[in-house]
Every structure is written in C-alpha cells, then in structure tokens.
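The numbers here are math on the coordinates, done by the rules we state, and not lab data. It should be emphasised that the depicted structure is a prediction, and the values quoted were computed from it without experimental measurement. Methodologically, a virtual Cβ is constructed for each residue, glycine included, from the backbone with ideal geometry; neighbour enumeration extends over all protein chains shown.
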Amino acid sequence: MIQWPPPPDIASIKELTQVADTEEFIKHGSPTDEYDGEAEELFKAIAGFSTSDITANNILPIIERIWSKSFDITQDNLVAHRHKLLALAQDIERFFGPAAKPQTRQSS
C-alpha cells in the first residue's frame, strides 16, 4: 500500500530548495546544487516528522536557523528574508503536509 502523502525525501527537498533559490545564487549563475548542504540539514531535521507536523509553522523556524547559520544572516536581516523562507516552508507543507494532494504533471 502506498502511503499518502509520502514522507519527505532528500531529492524532493533538494529540488524545492533549488527552485526556491532564496538567496538568488542560482539565478545569478551559481551551480544548481548550491543549496544541497542546507537541503540535507533540513531533511535530517524533518525526516522524523509525522505528516501532521509537516506544516510551514513548524518548518519555518528550522529553515531560519539553517539559513542564518549557512549564509550569516543576522536576526535583523532575517526579517527581509522571511517571505522567501516562508514560501519554501509552505511548498514543503504543500507536498508533504497534512493537506497534500497528489501532484500530476500536465502536458502543454
């Protein structure tokens, strides 16, 4: 039997952090694996979460802690980053949280 929603997996977390490009490094030419270290740390932090715990409110503080450490973001500067970090947390919730719905690719 397939579990729905599926638990977070490292490949998806890496892809979500890459697409979010919160610091716009990839946008400005950095390699696509720029956020892999942060994604791995985030994955380790949430891997044991139950589906009901995978919410933006629970994930955002973890992301903020990881990003603050990795990118030397001060508490004052964190406010300016919060909307992008929140969007990443919301995407993770959308794919793996309690209200997750099956995702399908649509052909154009």
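Restricting attention to segment 1-29, the residues that are closer than 19 Å to A87 by Cβ and of a type in the set (G, A, S) add up to 2.
Where helices (runs of 4 or more DSSP H) sit wholly within segment 10-108, those with at least 3 residues that are surrounded by fewer than 18 Cβ atoms within 10 Å (Cβ to Cβ) and either in contact with a Ser or Thr (Cβ under 8 Å, 6 or more places away or on another chain) or of a type in the set (D, E) (or both) occupy 36-46, 75-96. All of (1) free of Cβ contacts under 8 Å to residues at least 40 places away in the same chain; (2) of a type outside the set (D, E); (3) more than 20 Å from A11 (Cβ to Cβ) hold for S52 with one exception: (1). In segment 23-39, the residues that are closer than 19 Å to A89 by Cβ and in contact (Cβ under 8 Å) with a residue 12 or more places away in the chain form Cβ pairs under 6 Å with partners that are of a type in the set (A, V, I, L, M) and assigned to a loop (DSSP other than H, G, I, E, B), at six or more places apart or across chains, as follows: E34/I26.
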